[in-house]
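Since the structure comes first, as structure tokens, the remarks are kept for the end.
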Amino acid sequence: MTQLENQPITVSPMDEFNQTLVENLHPSHWKNPQPERCYNLVVIGGGTAGLVTAAGAGLLGGKVALIEQNLLGGDCTNVGCVPSKALIRSSRIAAAVGIASEYGIPVPESVKADFSVVMEQMRKVRSQISFNDSATRFQEEFGVDIFLGKAHFSSSNTIDVGGQKLRFKKAVIATGSHPIIPQIEGLETAGYLTNETVFSLTKLPESIAVIGGGYIGCELAQTFQRLGSKVVLLQKGKQLLKRSDIEVSDLIQEVFAREGIYTVLNADIKRIESENGKKTIYYDVLGIEKQSTVDEIIVAVGREPNITGLNLEAIGVQSDAKKGIIINDYLQTTNPNIYAVGDVCMESKFTHAADAAARIVVQNALFSVFGIGRKKLSNLIIPSCIYTDPEVAQVGITETEILRRPERVKTFYVPLSEIDRACIDRQTDGFAKVHVRHGSDQILGATIVAAHAGEMINQITLAMVANIGLGTIANTIYPYPTQAEVIRKAADKYNFTWLKGWVKKLASIWLSWQR
């Protein structure tokens, strides 16, 4: 069959940085290679999960093909982690400038963010990072055959892409997810942005409505407010960050209120009307009708799997429109020769979760004979971080899960207001709480809310992976002053629980005998 021509892709605005991005991640000149007679592994999807799977299998000597219809790098590089954190970095600097006078550094009130430069810098750093995921690198460094085009299964051991058939022993589906668009009257007519389009902005909207109070919505709401937009955040539920503890949600909402974000909980959006470039959102809050008029709308109400067009039914792979591809604990689909990994099948939709799970896929798909040596997804200890300011990081069990557990759990809580460095930095919004199994120092989970919580949670995650107890952390010397001392102080509280008991009594008897 004749190979179809590679369809060019553009990313707005098509400046020098986005040109570099596209040439790395979906080169216009790219010609798909002549397929091997049979591949050890064919991977559909070139996001984090697919790239790590392909690279790992290629480095270990496998014949590997990777298929991507859009940009290699997936959401993370192009419309997720990389561009969002670049904007967050700029927004944090803007916030620091805004309060500089409180630290004795007077700044003219006229100083404000130059949004066009902020976005240009984002595109610049994204283009620099994009080489890591480039077609050329994966072909030359990892020996992976890169096929650009839309793929679908034509049989249980072949995949069609660009008019070519790729035969495989095993296949991995890593097609990711995309934003859910709610059915709201007038939304399509008014127009909206998602994480897939918001990073193409070149002009700062004067006002923005963010629909959705999950981690994406909260990060974008705070970022645009700090860069100069007037933001209203509409959340359908009764709290922001619904998967977090209510204490976390309340704290973030308080911070948002101080920064001028108008947060509306229990917002039931009825319709949207547009006129003269303005968009008016009509919504009810516990039976009370309200409205907000803005220049732009960002939709961030969740994500759903990319499974359309793969022809999964023909190969016996079961899927669900909301949950994605059905897998077992070994990331195996209902077709034993086909695996799935990443957002398309996993509840934890994070880049680092996809990376870790992809390593399991390589082991299980290619190097597990008769099931020997297989690794389980459920054995992974996966932390998460929401990059608001303060950041919200969590690993293991939460307080909500504790209430459902039959075993007893002890929690040690330390507010950042008790940490000297946090007071010095004036970053006392937050806390650390560590959960241990009652009667031991085994760590079951932790939540940290702090300016650098994403860096700090790694200490707890490492301790859990290495089975290091909270008592050992208490005996670890931390540099003074650091905000990470909040973890050691939580560990100290664990030590104090048994020091107050029989140890204290024995010590008292011993000291009395010494007198």
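The values are calculated or read from the model by the stated rules, or taken from the named source; none is laboratory data. Just so you know, these numbers come straight off a predicted model, no measurement behind them. Cβ atoms come from the backbone with ideal geometry, glycine included; neighbour counts cover every protein chain shown. SASA here: full protein model, heavy atoms, side chains in, ligands and nucleic acids out. Shrake-Rupley method; radii C 1.70, N 1.55, O 1.52, S 1.80 Å.
To keep it simple, each residue is scored yes or no on (1) farther than 30 Å from N335 by Cβ; (2) of a type in the set (A, V, I, L, M, F, W, C); (3) surrounded by 20 or more Cβ atoms within 10 Å (Cβ to Cβ).
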| position | (1), (2), (3) |
| --- | --- |
| T175 | no, no, yes |
| E188 | yes, no, no |
| Y192 | yes, no, yes |
| G217 | yes, no, yes |
| K230 | yes, no, no |
| K236 | yes, no, no |
| L240 | yes, yes, yes |
| I246 | yes, yes, no |
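Filtering the stretch 444-498 to residues that are loosely packed, with under 15 Cβ neighbours inside 10 Å and free of Cβ contacts under 8 Å to residues at least 24 places away in the same chain leaves L462, A466, N475, T476, I477, P479, F496, W498. Under the condition of being in a loop (DSSP other than H, G, I, E, B) and closer than 28 Å to G214 by Cβ, the residues counted in the stretch 390-425 number 6.
Here is a yes/no grid of residues against (1) in a helix (DSSP H, G or I); (2) farther than 17 Å from S384 by Cβ:
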{"site": "I216", "(1), (2)": "yes, no"}
{"site": "T223", "(1), (2)": "yes, yes"}
{"site": "R226", "(1), (2)": "yes, yes"}
{"site": "G237", "(1), (2)": "no, yes"}
{"site": "R243", "(1), (2)": "no, no"}
{"site": "E247", "(1), (2)": "yes, no"}
{"site": "L251", "(1), (2)": "yes, no"}
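Answer with yes or no whether I327 is farther than 30 Å from A151 by Cα, aliphatic (A, V, I, L, M) and either free of Cβ contacts under 8 Å to residues at least 60 places away in the same chain or surrounded by 14 or more Cβ atoms within 10 Å (Cβ to Cβ) (or both).
No: the conditions fail for I327.
The residue of the stretch 67-103 that is least open to solvent (accessible area, probe 1.4 Å), among those that are among the aliphatic types (A, V, I, L, M), at pLDDT 95 or above and part of a loop (DSSP other than H, G, I, E, B), is L72.
No other residue among G46, G61, G56 is over 30 Å from the mean Cα position of the chain (by Cα) and of a type outside the set (V, I, T) apart from G61.
Conditions (1) of a type outside the set (A, V, I, L, M); (2) open to solvent by 70 Å² or more (accessible area, probe 1.4 Å); (3) assigned to a helix (DSSP H, G or I), marked per residue:
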site	(1), (2), (3)
V107	no, no, no
A113	no, no, no
S116	yes, no, yes
M119	no, no, yes
S130	yes, no, yes
T136	yes, no, yes
E140	yes, yes, yes
D145	yes, no, no
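Name the single residue that is surrounded by the fewest Cβ atoms within 10 Å (Cβ to Cβ) among those in the stretch 266-295 being in contact (Cβ under 8 Å) with a residue 40 or more places away in the chain and of a type in the set (A, V, I, L, M).
By that ranking, first place goes to I269.
If the condition is being open to solvent by 10 Å² or more (accessible area, probe 1.4 Å) and part of a helix (DSSP H, G or I), then the stretch 363-389 contributes Q363, L366, L377, S378, N379. One residue stands out among those in the stretch 160-197 that are more than 24 Å from K349 (Cβ to Cβ) and part of a loop (DSSP other than H, G, I, E, B): the one that is nearest to the chain's Cα centre (by Cα), which is G191.
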